[in-house]
Each structure stands twice: as C-alpha cells, then as structure tokens.
Amino acid sequence: MMRLLIDWLLAWLPLPHTRCFGLRRVLLRRAGISLGDRVWVCGGCRVYGRGELSIGAGTWLSPDTKFHTRRGAAITIGAGCDIGPDCLILTGSHEIGERGARAGQTTAAPVVIGDGCWIGARSTILPGVSIGAGSVIAAGSVVTSDVAENTLVGGVPARLIRALD
C-alpha cells in the first residue's frame, strides 16, 4: 500500500521532470527501493509491483522510466548508469497458454544491468536479461537475451552491433 501511495505522490510532483530529485529519492527509499548515493530520478518514473528494485550510486533515470517488478525476481541496476526516457524494464511475463487464453501461467525472472551502462530512449528490457557492464543499448531496442560487457546492441530484437573499447 505504501508503494502505491508514494507512486501517486511522485506522479504529482511539479514539472519540469528535472526538479525535486531529493524528494523523489526520499519517497522511493520510503517505498522500499534501494538507492545508492547521487541517484537522479526524473519525473514520471514509476515502479509497479512489490518486487525488489536496487539502483547503484550515480545512476540517472530519465523521465517516464517504468519498472514492472515481481516478488522473487529483482531488478538490479549498477552504478553510473544512464537510463533514457520512456524505458521499460520488466521482470514478469506469461507462458503461452491454450487457445482460449494465450496469456497462460505467469512467470518471473530477474533483470541485471551492470555498472556504467547506457540504455537508450524507449528501450525495453525483458525478464531474465543480464546486461554486462559498460554496454550500450541503442534507442528503441527490445533486449530479449543477455548482452556481453562493453558491447553496443540495437534493434528489435536487439543484436550485436559492435564491441566497445
């Protein structure tokens, strides 16, 4: 219940999206979110569900970032990351069901984003994905499988574009 109340309060903080960082941090911590030092949470950031969310020091969450959490499937974001606007990070999905109800049994898997990653605007990270430290996800990508450290991936589904130094 506390998380729902805090989510509602965060939605009503004044615009522009790049104000009230300290208040957002306080409210998210009260909601049980683990935030490192100097985490910057812009307006419109939403956390759905009761799952665990941990965000490392110095990470930037751009406006309208959404986290869909589930119990038993944590979202862990490393230090020094930059998550672009309108990104979506999911831990839950469904198995394919029978003809009358294709969204069958629910499933959940953790998501891990390593230190120093840059997730481009409007990217979607699906359940069970690990993104290696220092990687870049191109804008608009849908990440369906693990990403190696220090690589650039992009597309739908995201594929290796090149290794980074």
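The values are calculated or read from the model by the stated rules, or taken from the named source; none is laboratory data. Just so you know, these numbers come straight off a predicted model, no measurement behind them. Heads up, the Cβs are rebuilt from the backbone with ideal geometry, glycines too, and the neighbour counts pull from every protein chain shown. Each accessible area value is taken on the protein alone, full model and side chains, heavy atoms only, with ligands, DNA and RNA left out. Shrake-Rupley method; radii C 1.70, N 1.55, O 1.52, S 1.80 Å.
To one decimal place, what Kirkwood hydrodynamic radius in Å is obtained for the chain from all pairs of distinct Cα atoms?
Taking every pair of different Cα atoms in the chain, averaging 1/r and inverting gives 16.0 Å.
What relative contact order, as a whole-number percentage, does the chain give when Cα pairs under 8 Å and 6 or more residues apart are counted?
Computed value for the chain: 13 percent relative contact order.
Charges at C-beta only: +1 for Lys and Arg, -1 for Asp and Glu. How large is the resulting dipole of the chain about its Cα centre, in Debye rounded to 20?
Value, rounded to 20: 540 debye.
Could you look at region 17-78 and say what percent of its accessible area is carbon and sulfur, using a 1.4 Å probe and all protein chains?
Roughly 49 percent of what the probe reaches on region 17-78 is carbon or sulfur.
Give the relative contact order (percent, whole number) for region 17-104; include only Cα pairs under 8 Å separated by 6+ residues.
RCO, region 17-104: 23 percent.
Go through Trp118, Trp40 and list them by solvent-accessible area, largest first, probe radius 1.4 Å.
Greatest to least solvent exposure: Trp118, Trp40.
First select every other residue whose beta carbon is under 14 angstrom from the beta carbon of Val136; then total the charges, Lys and Arg +1, Asp and Glu -1. Could you put the intermediate results ahead of the total?
On the way: positive: Arg159, Arg162; negative: Asp82, Asp115, Glu149, Asp165.
So the surrounding residues net to -2.
Using the Karplus curve 6.51 cos²θ - 1.76 cosθ + 1.60 with θ = phi - 60°, work out ³J(HN,Hα) for each residue of region 35-48 in order, rounded to whole Hz, and write x for Gly and Pro.
Per residue, the Karplus-derived 3J(HN,Hα) values read 10, x, 5, 6, 7, 10, 10, 7, x, x, 5, 10, 10, 9 Hz.
If one computes the Cα centroid of region 34-62 and of region 63-87, what distance in Å separates the two points?
Here the two parts' Cα centres lie 7 Å apart.
Under 5 Å between amide H atoms, partner at least 5 residues away or on a different chain: which partners does Asp82 have, H built in plane at 1.01 Å?
Trp60, Cys117, Trp118, Ile119
With point charges of +1 on the Cβ of Lys and Arg and -1 on the Cβ of Asp and Glu, referenced to the Cα centre of region 1-150, which listed residue (Pro85, Gly132, Cys45) lies farthest in the positive direction of the dipole?
Value: Cys45.
Using modelled amide H (1.01 Å from N, peptide plane; none on Pro or chain starts), what sits under 5 Å from the amide H of Val147, excluding residues fewer than 5 places away?
Those lying under 5 Å, H to H, from Val147 are Ser130, Ile131, Gly132.
Spelling out what I want: for every residue of region 22-32, take phi, set θ = phi - 60°, compute 6.51 cos²θ - 1.76 cosθ + 1.60 (Karplus), and round to whole Hz; glycine and proline get x.
So the J values, rounded to whole Hz, are x, 5, 4, 4, 4, 5, 5, 5, 4, 7, x.
How many Å² of accessible area per residue for region 105-165, probe 1.4 Å?
Ligands and nucleic acids excluded, the result is 50 Å² per residue.
Mind listing the phi-derived Karplus ³J(HN,Hα) values for region 132-147, rounded to whole Hz, using 6.51, -1.76 and 1.60 with θ = phi - 60°, and x for any glycine or proline?
These are the phi-based 3J(HN,Hα) values: x, 4, x, 8, 10, 10, 5, 4, x, 7, 10, 8, 10, 9, 4, 10 Hz.
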